[in-house]
Amino acid sequence: MRAFNEEILPSAEIENAIRLLEKIGVKIQTGFKLPQFEELSHNDSRLFRIGDSEFQCIYLPHLSEELSIDPITRMTVTEGIFSGSAPVGHWVDQMSDGRRAAISMDRYLQKVSLTASRENEGAYECRLFTSLKGIQPSQSFISTDSKRTDQADIIKEAARCIQCQCMECAKGCELIRHYQDSPRTYVRQIYNNISICTGLRQKNKMINSCSICGQCEAICPNHIPFQKVVQEARETMVATKKMPPSAFDFALRDMAFSNSEKFRLAKVPVDSKACKYAFFPGCQLPASNPSSIETIFSWLQNEMEEPVGILLRCCGAIADWAGEKEKFNQARSELLSDWEVLGKPELIVSCPTCLKMFRENYPEINVRSIWPLMAKSDSLLNGKNRLNSIKMAIHDPCASRDQPDMQEAVRSLAMKLGIELEELPYNRELATCCSYGGNVWNSNPSLSRDTNEARISQNQSDYLTYCIMCRDFFLRSGKPAYHILDILFDPKLMIEHRLPIRPDYSMRHENRTRVKRHLLKQYWREEMPEEAPYEDIQLILNDPIRKLMEDRMILEEDIRQVLYYAKESGRAMINQETGHYLAHFKPSCVTYWVEYLPKEDGFEVFNVYSHRMVVEEGN
Amino acid sequence: MAQYVTEEEFVHWRCAKCNSELELRKVVVSYLDGSFPVELPVCKVCGQIFIPESLATQKMLEIEQQMEDK
């Protein structure tokens with residue numbers, strides 16, 4: 001090595017390297033005259049003798065090409081003798097020979113396999129995909145003749161490096177960008193997170209922040225199914241009782257509400273014992289656009305030639321996303337019971353997520369999307385709802401990813417309504433999630449907002465979609481957004497430049513109950529089951545309090561329960577300065593606190609907060 | 001024993017049921033597998049607890065999140 005030009009390999013670097021080796025106990029002896037390969041053989045102790053010293057293994061510099069050297073281990077035909085085959089002057093290849101042989105010699109001394117796990121040494125074809133989009137081709141600055149390349153050209157050559165990396169999925173996904181690494185790293189982190197016995201599970205939040213929408217797999221050149229890893233991790237966390245209880249609690253309680261008597265409904269038409277079809281609007285369309293449910297139900301009854309019933313409840317997606325297999329199975333089995341009561345009808349489904357859930361988890365049920373039906377119908381387009389060439393950007397909900405028929409049908413319906421569509425990046429099979437998927441809005445509200453911000457900045461036009469949660473999240477972020485039903489049933493919204501109303505969490509419950517109450521009365525002359533006594537309590541809530549309730553995920557019914565408890569038990573605190581009362585109650589796993597003042601027409605609320613910690617309290 | 005509520009925060013509050021003042025008393029709070037003794041204002045007569053907004057939304061939330069990720 002000392003023969004090299006000082007400019008190429010400075011002697012100080014050689015000295016530094018030698019000192020490092022000595023520091024770790026390597027004895028360096030020089031002055032050996034290395035024997036020829038043919039002269040070396042094991043003695044009785046399986047050692048090689050050179051001069052007065054004996055060696056367990058030896059590395060000989062470049063040997064004749066005629067000698068067979070194992071390409072992986074660099075061991076010669078004589079066990080214990082290693083060598084390289086790189087020609088003299090080919091430094092990189094020589095270094096590769098040396099490195100491979102050093103690994104083999106270390107393994108040889110440890111008496112372990114020389115060949116295991118050595119696939120990715122040296123040059124190999126990797127699976128790394130690098131997008132060359134936007135990269136201009138350029139010529140090499142390294143001269144091919146015998147002249148040495150000067151420093152300036154070497155710098156130019158180095159600047160040609162595009163630093164290959166594949167972050168295609170990160171371009172579409174806020175989660176992947178937020179945690180500043182790739183799914184490949186996340187998968188390892190997830191494995192470590194669910195495997196540790198003690199200490200902090202630092203990746204819980206990341207695991208619970210994925211919308212499980214599958215966009216990254218659809219984009220990935222190697223089709224890494226990251227969302228499946230997350231789904232399994234969540235299920236494992238639930239099964240091993242390591243899932244943070246607060247992660248999806250609010251969303252799961254929303255599902256419990258949808259499957260309670262407050263919303264759940266399975267009805268065949270009056271005078272029918274069974275129905276051939278049933279409308280399944282899912283849980284969030286009735287929550288956001290309650291009036292549309294009766295309009296569609298009534299339209300379907302005219303449109304279909306056979307009786308149409310109705311089935312109101314949650315499809316179970318929320319429990320599935322939360323990794324709660326038991327809760328999902330219970331929801332599934334209850335849904336199947338209701339479906340059987342209706343006479344096992346074919347379900348006509350408006351929500352892309354419900355449709356996906358049915359296709360993947362309910363093989364017993366025949367389902368169809370409502371959108372192709374609507375696109376083909378003449379009765380819906382009456383001339384009054386025809387707009388005059390309004391430009392909108394279409395956002396495909398993530399659950400429509402593998403349902404191109406649905407995507408096409410909505411586009412066709414939009415065009416019939418006179419909407420001129422613009423395509424967003426990441427549409428159709430690459431559709432992006434609004435953060436309702438995976439319950440991210442519950443587990444990571446700030447990431448949910450960032451996700452929406454990123455999506456709404458992609459086009460200046462108003463957004464058109466066919467998932468009501470996409471619409472509501474875009475509206476929350478200040479983007480004018482419409483569900484196609486908003487325009488179909490109320491075209492004046494667009495004509496008068498009005499936005500649809502985005503209900504808060506409490507209103508989402510109230511609207512679902514209204515839908516059930518109205519349908520029961522209108523079609524079956526039936527009343528709702530009796531209300532709980534606390535439901536009569538009237539609340540006076542101003543906008544800042546409503547905003548606080550939304551941010552803290554506290555519902556009107558939570559407040560009513562606290563006030564009812566305070567009224568019944570007399571337990572409350574009173575502030576001598578303001579005269580305000582403060583009461584608390586723990587209906588399930590969360591304790592709610594309400595600061596209030598009783599008024600003639602109800603209770604005026606000044607503050608609400610909650611905690612999950614349990615406090616031992618005297619009676 | 002940790003004390004997270006200052007007297008200033010509860011001096012104006014009284015128990016509406018007993019019409020009694022509050023005093024700091026040892027109370028056990030728990031979450032998941034952990035429990036901790038803390039000093040909290042409670043009604044001198046009936047033991048009704050007062051937890052101010054700042055405690056619920058800051059320290060209690062912080063401990064809840066730490067316990068959940070263990």
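Summarising the amide proton neighbourhood of residue A:315: residues at separation of 5 or more, or on other chains, whose placed amide H is nearer than 5 Å comprise A:283.
Computed over the stretch A:246-530, relative contact order equals 21 percent, with contacts defined as Cα pairs under 8 Å that lie 6+ residues apart. Between 0 and 90 degrees, the angle of helix A:404-416 with respect to the longest Cα principal axis of chain A falls at about 50 degrees.
Residues with beta-carbon under 15 Å from that of residue A:376, excluding residue A:376: net charge, scoring Lys, Arg +1 and Asp, Glu -1? Please report the intermediate quantities before stating the final value.
On the way: positive: A:368, A:411, A:416; negative: A:303, A:305, A:378, A:405, A:408.
Within the 15 Å Cβ shell, the charges total -2.
Look at the stretch B:45-53: the mean tally of other chain Cβ atoms within 10 Å of its residues' Cβ atoms is 5. Axis angle, to the nearest 10 degrees, between helix A:556-569 and the longest C-alpha principal axis of chain A: 70 degrees.
Would you calculate the convex hull of the Cα atoms in the stretch A:494-533 and tell me its volume per residue in Å³?
So the per-residue hull volume is 97 Å³.
What number, in nm² with one decimal, is the all-direction average of the projected area of the convex hull of the alpha-carbon atoms of the stretch A:348-447? Please report the intermediate quantities before stating the final value.
On the way: hull surface 31.5 nm².
That works out to 7.9 nm², a quarter of the Cα hull's surface.
Return a whole-number percent for the relative contact order of the stretch A:533-611, with Cα pairs under 8 Å and 6 or more residues apart as the contact set. The value is 32 percent. Cβ-to-Cβ counts within 10 Å put A:258, A:389 in ascending order as A:389, A:258, the fewest first.
If Lys and Arg each add +1 and Asp and Glu each add -1, what is the summed charge of the other residues whose beta carbon sits under 15 Å from the beta carbon of residue B:22? Walk me through the numbers before you get to the answer.
On the way: positive: A:571, B:14, B:17, B:25, B:26, B:44; negative: A:577, A:617, B:7, B:8, B:9, B:21, B:23, B:39.
Cβ neighbours under 15 Å give a net charge of -2.
Among the DSSP beta bridges whose two residues both lie in the protein assembly as shown, what percent are antiparallel, rounded to the nearest 5? Each step should come with its number before you reach the end.
On the way: 41 of 69 bridges.
So the antiparallel bridges amount to about 60 percent of the total.
When A:612, A:512 are sorted by how many other C-beta atoms sit within 10 angstrom of their C-beta, beginning with the fewest, the order is A:612, A:512. If you line up the long axis of helix A:445-456 against the longest principal axis of chain A, both from Cα atoms, how many degrees apart are they, to the nearest 10? It is inclined by approximately 90 degrees. The residue A:24 and residue A:241 beta-carbon pair, evaluated with R₀ = 45 Å, returns a calculated FRET efficiency of approximately 0.50.
Electrostatic bookkeeping for residue A:307 treats Lys and Arg as +1 and Asp and Glu as -1; over the other residues with beta carbon under 12 Å from its beta carbon, the sum is -1.
Order by neighbour count: A:611, A:223, fewest other Cβ atoms within 10 Å first, most last.
Numbers: A:611 23, A:223 10.
So the ranking, lowest neighbour count to highest, is A:223, A:611.
Scanning residues 5 or more positions from residue A:603 or on other chains, those with amide H under 5 Å from its amide H are A:538, A:539, A:540, with H placed 1.01 Å from N in the peptide plane. Along the charge dipole of the protein assembly as shown, which of A:323, A:541, A:404 sits closest to the positive end, that is, farthest toward it, with unit charges on the beta carbon of Lys, Arg, Asp and Glu (+1, +1, -1, -1)? Going by the Cα projections, it comes out as A:404.
Return the loop-located chymotrypsin sites (Phe, Trp or Tyr not before Pro) in the stretch A:21-55 (DSSP other than H, G, I, E, B) with at most 10 other Cβ atoms within 10 Å of their own Cβ; answer none if there are none.
Working: sites: A:32, A:37, A:48, A:55; in loops: A:32.
Sparse-neighbourhood loop chymotrypsin sites (Phe, Trp or Tyr not before Pro): A:32.
Pairwise Cα separations in chain A fall into 10 Å bins from 0 onward with the following percentages, short to long: 3, 12, 18, 18, 14, 10, 8, 8, 6, 2, 0. In this structure, the residue pairs whose Cα-Cα separation is over 20 Å, taken from A:273/A:376; A:416/A:492; A:384/A:416; A:262/A:327; A:205/A:241; A:242/A:325, are A:273/A:376.
For the stretch A:15-68, with only Lys/Arg (+1) and Asp/Glu (-1) charged at the beta-carbon, what is the dipole magnitude about the Cα centre, in debye rounded to 20? Walk me through the numbers on the way to the answer.
Details: 6 positive and 9 negative charges, 72 e Å.
About 340 debye.
Let me spell out the model: positive unit charges on the Cβ of Lys and Arg, negative unit charges on the Cβ of Asp and Glu, origin at the Cα centre of the stretch A:533-611. What dipole size does that give, in debye rounded to 20?
Numbers: 8 positive and 14 negative charges, 60 e Å.
Here the stretch A:533-611 has a charge dipole of around 280 debye.
Listed by chain and number, the lysines placed with their C-alpha closer than 17 angstrom to that of residue A:567 are A:586, A:599, B:17; residues fewer than eight positions away on the same chain are left out.
Each residue of the stretch A:107-116 is assigned a 3J(HN,Hα), and the resulting list reads 5, 4, 5, 7, 6, 10, 4, 7, 10, 5 Hz, derived from the Karplus form 6.51 cos²θ - 1.76 cosθ + 1.60 (θ = phi - 60°), x at Gly and Pro.
Treating each Cα of the stretch A:59-185 as one equal point scatterer and applying the Debye formula with no solvent, the log10 of I(q)/I(0) at q = 0.10, 0.16, 0.23 Å⁻¹ comes out as -0.58, -0.97, -1.23.
Mean sequence separation of contacting Cα pairs (under 8 Å, at least six apart), scaled by the length of chain A, corresponds to a relative contact order of 9 percent.
Read-outs throughout are calculated quantities, based only on the coordinates presented, and are distinct from any laboratory measurement. None of these values were measured; they are calculated from a predicted model. Positions of Cβ are backbone-derived with ideal geometry, glycine not excepted, and every protein chain shown enters the neighbour counts.
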